[in-house]
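For reference, the structure discussed in these notes is given below.
What follows is calculated from the coordinates using simple rules that are stated; it is not laboratory data. Every value quoted in this text rests on a predicted model; they were computed, and no experiment measured them. Heads up, the Cβs are rebuilt from the backbone with ideal geometry, glycines too, and the neighbour counts pull from every protein chain shown.
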Amino acid sequence: MKTLTITKPDDWHVHVRGGAILKAVLPHTARQFARAIIMPNLKPPVATVAQALAYRQEILAALPVGMGFTPLMTLYLTAATTLEEIRKAAECEHIHAFKLYPAGATTNSDLGVADIKTVYPLFAALERYDMPLLVHGEVTDEQCDIFDREKAFVDTHLSAIVANFPALRVVVEHATTTEAVQFVESASANVAATITPQHLLFNRNALLAGGIRPHYYCLPIIKREQHRLALVAVATSGNPKFFLGTDSAPHLTSLKETACGCAGCFSAHAALELYAEAFERAGALDRLEGFASLYGADFYRLSRNTGTVTLAKMAWRVPLAYGDEEVSITPLQAGEQLGWKML
Ligand code: DOR
Ligand code: ZN
C-alpha cells in the first residue's frame with residue numbers, strides 16, 4: 001500500500017466553538033494536528049486574555065483522555081481593544097495572535113472593526129510587541145460583489161496596513177484569489193497566508209452548478225477555477241509564506257440547510273486527507289510536509305513538531321454526519337469517497 005509519513009502537522013486556522021459542538025469537533029482536530037490556532041469568534045467574542053485563558057481551559061477539558069493537543073489562543077480585535085490588553089497578551093505564553101474581522105464580514109463578526117484606520121494605533125502596538133495580526137481579508141461594502149470582496153480588501157486595506165506597519169507580522173487568512181496570492185508573494189517575509197482545503201479542491205461550480213450545495217458555502221466564498229489554480233500552484237510551490245489553515249468552521253446541519261444558511265465548511269474530519277488529495281493531483285505530495293508541518297511553525301516562531309503522522313492511499317467513504325441527535329454536523333464531502341486515509 002502506498003503511504004506517506006510526514007512530521008505531525010498543525011492547523012493554523014480553526015474554529016472549534018464551545019459547549020456541545022466543541023466536544024463533537026475537537027477530537028477530529030486533535031487526532032490530526034499537534035497544535036491549532038483557535039479562532040476567537042465566539043458569542044461573545046474572545047477579546048481579553050482572561051476570556052482566552054478560560055476558553056483554553058474549556059478546550060483542554062473537552063479533549064478525549066490521553067489525546068495530546070495544544071490550543072494556540074487568539075484574541076478578537078475590536079475598536080474597544082486596549083493597549084494594555086495587547087501588552088498582557090504579548091506577555092501571555094498561550095496567546096499567539098490577534099484576529100481582525102471587518103465588522104459584518106462573516107459569522108459572529110458584528111463586533112469586528114468598522115473603520116480599519118481607527119485601529120492603526122492597535123496595529124502599531126502589535127508591531128511593537130511582535131504579535132501577529134491575522135486578517136479576514138474581505139471588504140464589507142454591500143455594493144461590492146461578493147466574489148470581489150477579497151481583492152477589494154487587498155487593494156483598499158491590506159496594502160496600506162502592510163505599508164504602514166512593515167515589521168508587523170500579518171497572516172492573510174484563507175486566501176482565495178490570485179490577487180491575494182500575488183500580494184503575499186511580493187510582500188516581505190512578515191506577510192504570509194493560510195489556504196483551506198476547499199479552496200484548493202473546488203471552484204464555485206461545486207457550490208452553485210446543478211443545485212445549490214450549502215456545505216460548500218464559506219467565506220470568503222469559493223471562486224472561479226483560475227483562482228483555484230493559483231492557490232494550488234502556490235501551496236505546492238514550496239514557498240514558506242503559504243501554509244495550512246483549514247478554517248474548519250462547524251455549524252449544525254439545520255443551520256446550513258435552510259433558507260439563509262451559515263457560512264463555513266466543516267473539514268476537521270478529513271483535513272489532511274483533503275490536502276493530500278489536492279497535492280497529489282498537482283503531482284506535489286513531496287511538498288505537503290512543508291506546507292502542513294513546517295512553514296507555519298517557522299512563521300509563528302514555534303518549534304517544529306517531533307512526531308509523525310502517516311497517510312495511506314486507501315479509499316473510504318465520508319459519513320453523512322458527525323455528532324449525535326443533539327449536534328449533527330455535515331462534513332465536507334459527506335457521503336463521498338476519499339482516496340487517502342490518516343492511519
Ligand atoms: O465560512 C466561514 N465561517 N468564514 C469565516 O470567516 C467564519 C467561519 C465561521 O466562524 O463559521
Ligand atoms: Zn475562519
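Counting other beta carbons within 10 Å of each Cβ, put TRP316, TRP12 in order, fewest first.
Least to most surrounded, the residues fall as TRP316, TRP12.
Treating only the Cβ of Lys, Arg, Asp and Glu as charged (+1, +1, -1, -1), what charge dipole size does the chain show about its Cα centre? Round to the nearest 20 debye.
Here the size comes out at about 700 debye.
Let me make sure I get this right: for the stretch 278-343, a, b and c are the square roots of the gyration tensor eigenvalues over alpha carbons, sorted descending. Under 1.5 in a/c it's rounded, otherwise prolate if a/b > b/c, else oblate. Which is it?
oblate
Which aspartates and glutamates, if any, have their Cα less than 15 Å from the Cα of LYS88, not counting same-chain residues under 8 positions apart?
Straight-distance partners of LYS88: GLU127, ASP130.
Given only helices, namely DSSP H runs of n ≥ 4 each adding -39500 (n - 2.57), what is the per-residue ellipticity at 222 nm of the chain, to the nearest 500 deg cm²/dmol?
Counting only the DSSP helices, I get -8500 deg cm²/dmol.
Just list whichever of LYS256/LYS313; LYS43/LYS256; LYS43/LYS99; LYS8/LYS341 have alpha carbons separated by over 20 Å in the model shown.
From the list (LYS256/LYS313; LYS43/LYS256; LYS43/LYS99; LYS8/LYS341), the Cα-Cα distance tops 20 Å for LYS256/LYS313.
So for the chain, averaging the separation of alpha carbon pairs under 8 Å that are six or more residues apart and normalising by length, what relative contact order in percent results?
Working: 713 pairs, mean separation 65.7, N = 343.
Relative contact order here is 19 percent.
From Cα pairs below 8 angstrom and at least 6 apart in sequence, can you work out the relative contact order of the stretch 13-167, rounded to a whole percent? Please list the in-between numbers first.
Numbers: 230 pairs, mean separation 28.7, N = 155.
Reported as a whole number, the value is 18 percent.
GluC sites (Glu not before Pro) within the stretch 73-140: which are DSSP loop residues with at most 14 other Cβ atoms inside 10 Å?
Sparse-neighbourhood loop GluC sites (Glu not before Pro): GLU93.
For the chain, what mean projected area does the convex hull of the alpha carbons give, in nm²?
Its average projected convex-hull area is 16.1 nm².
Test of understanding: given the chain, find the longest segment containing no trypsin sites (Lys or Arg not before Pro) that are in a DSSP loop and have at most 16 other Cβ atoms within 10 Å. Display every interim value, and only then the final one.
On the way: sites that count: LYS2, ARG204, ARG224, ARG301, ARG304.
Answer from the scan: 3-203.
In square nanometres, what is the average projected area of the Cα convex hull of the stretch 1-109? Before the final figure, lay out the partial values.
Working: hull surface 34.1 nm².
Averaged projected area of the stretch 1-109's Cα convex hull equals 8.5 nm².
Over the stretch 207-306, what relative contact order in percent results from Cα pairs under 8 Å that are six or more residues apart?
Over the stretch 207-306, the number comes to 31 percent.
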